[in-house]
Amino acid sequence: MSALLLIPVVGPLLAAGALLALPNRPGTHRVGAFATMTVVLVAGLVLLVRTSGGALAVLRVGGWPGPIAIGLAADALSALLVTVTALVVLGCLVAAVGSGDDRRPYFLPLVLVLTAGAGGAFLTTDLFNLFVLIEVMLVPSYVLLSLAGGVGRGGAGRVYVATNLLGSTLLLAGVALVYGTTGVVGLGELAGAARDEPTVAVACGVVLLALGVKSALVPLHDWLPRTYPVASPVVVALFSGLLTKVGLYAVIRIYAVVYGGDPGYRWLLGAVALLSMVVGVLGAVGENSMRRILTFHMVSQLGYVLLGVALFTAVGLAAAVYYLAQYILVKAALFLCAAAVRAGRGTDRLDGSGGLAGQRPALALAFAGAALSLAGLPPFSGFLAKFLLLRATAESGAWLAMVVAVLVSLVTLLSMLKIWSALFTGDPPASSTVARRIGPTLVGPPLALAGLSLAAGLAAAPLLVLADTAAAGLRDPAGYVRAVTGR
């Protein structure tokens, strides 16, 4: 089983290199990209089944001892994220065929490199390799943002590159501080160190600050709404499933393992969570394009996940894991809906003409399902995720957090209704050619992802079991530590 850990990292990298050696062959690029991501998805599913009971898969590349080897490990949380992101990437590849993005030079190899970096970041067991793999993920994202961007992509690209370079510099400095104070960078070797040693806590705090930039958590979020809406909707859907989620995953893992869930820092995580929820949803209220509204909601929804981590109870962590997994699917579905709208109308601004529900009912169904899940309405997975989170806040006596979570959900619903009334209801423009330009390859992926959200809500037991297993591993990381250190 350990050999499977190489597939999400090495597989896409090798495929990307092979495709780069075969330029000007779009058909080969498509087949290669789809085949690679299918293999990654299968590997993720196998890892998910093997780790669902609490077992871990560990690989030390080259057979070197723990502190020296490049270590990879999969538990229920990392296997779940590898699987879910592979699903999202496959959906984005299909949508890229419909939007024409995949015909841009080097688009598919860049997507594969991006996927390899994200998969490696979910599986790595030390901070330095986390930095390296985040950079592997970010370098192709710089190109994709500009390659498939629209008007203003030059300025947005500069903001994106400058902010992420600053975050990367800060992350590397934090890793150096951790190594300088402890002599190690492995998560297993650092277990509990930040809880017991103030100097290590400060050094790891620099790492978490850098990851806060990568995750676009408030107040480090401003770069996200300034850059994502400029990119192609398919690229943004891809980014939404991978980039910020890697940063948030790393925050969760480091806080659980290195800080040991230290209660002294939970107030800070809770404050950042609530601010992200409120600032994100209020930012969405004043926007007038589908992508801008959805981008601000990214900030808001990340706050919900972080709130569960801040509670650090069994129910809170399970809610956070469940919320994160289903949210990746839902947000990608919404951005892929935006890709279809833009293909049909030429714009996703809300002051354009409506009528999409009559012309493309399947697209309307996909958007409605994903939007209702984002707002937390039954029977979709978003409802169960928010219900679990509210239950966790009630059990912890976090009444302010409960009130904020409910109010933010109501405003989220209003934002989704705003998009629906502007783009899907009413009469279409007289000269509309939307029926021709929104094909099945654009409608199918968001419809499938919205269907998965519905399935995760109606038949939630398997995902809830995985979330409980992941939560138990985060609350008591002793098994993870033993596995990655070999002690």
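The values are calculated or read from the model by the stated rules, or taken from the named source; none is laboratory data. Predicted model only: the values in this text are computed from it and were never measured. Every residue, glycine among them, receives a Cβ derived from its backbone with ideal geometry; neighbour counts consider all protein chains shown. In case anyone asks, the SASA skips ligands and DNA or RNA and just uses the protein heavy atoms, side chains included. Shrake-Rupley method; radii C 1.70, N 1.55, O 1.52, S 1.80 Å.
A few comments on the model shown:
- Taken together, V341, V321, V408, V330 contain a single residue that is in contact with an Asp or Glu (Cβ under 8 Å, 6 or more places away or on another chain) and crowded, with 24+ Cβ neighbours inside 10 Å, which is V341.
- In a residue-by-residue description of segment 76-96, the property of being of a type outside the set (V, I, T) and not in a helix (DSSP H, G or I) applies to no position.
Residue-wise test of (1) in a loop (DSSP other than H, G, I, E, B); (2) at pLDDT 90 or above; (3) under 21 Å from D468 (Cα atoms).
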| site | (1), (2), (3) |
| --- | --- |
| F296 | no, yes, no |
| A319 | no, yes, yes |
| Y322 | no, yes, yes |
| K331 | no, yes, no |
| F335 | no, yes, no |
| R342 | no, no, no |
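- Segment 82-93: number of residues that are surrounded by fewer than 24 Cβ atoms within 10 Å (Cβ to Cβ) and closer than 20 Å to L20 by Cα: 1
- Any hit, segment 345-360, residues being within 19 Å of the chain's Cα centre (by Cα) and part of a helix (DSSP H, G or I): no
- Screening I438 with (1) more than 20 Å from the chain's Cα centre (by Cα); (2) over 30 Å from P263 (Cα atoms); (3) surrounded by fewer than 17 Cβ atoms within 10 Å (Cβ to Cβ); (4) not charged (D, E, K, R) gives one miss only, at (3).
- Scan of segment 38-56 for residues that are modelled with pLDDT under 95, of a type outside the set (A, V, I, L, M) and open to solvent by 50 Å² or more (accessible area, probe 1.4 Å), ordered by number: R50, G53
- Residue in segment 302-311 that is in a helix (DSSP H, G or I) and over 17 Å from the mean Cα position of the chain (by Cα) present: yes
- Within segment 16-37, considering residues that are within 21 Å of L81 (Cα to Cα) and small (G, A, S), the one surrounded by the fewest Cβ atoms within 10 Å (Cβ to Cβ): A35
- Among the residues making up segment 169-188, those that are open to solvent by less than 10 Å² (accessible area, probe 1.4 Å) and part of a helix (DSSP H, G or I) are L171, G174, V175, V178.
- Residue match in segment 147-160 (condition: within 29 Å of G205 (Cα to Cα) and surrounded by fewer than 18 Cβ atoms within 10 Å (Cβ to Cβ)): yes
- With a requirement of 1 or more residues that are open to solvent by 20 Å² or more (accessible area, probe 1.4 Å) and closer than 29 Å to V403 by Cβ, the helices (runs of 4 or more DSSP H) lying completely within segment 189-293 that satisfy it span 198-215, 266-285.
- Scanning segment 344-386 for residues that are open to solvent by less than 10 Å² (accessible area, probe 1.4 Å) and closer than 19 Å to L87 by Cβ returns A366, F367, G369, A370, S373, L374, S381, G382, A385.
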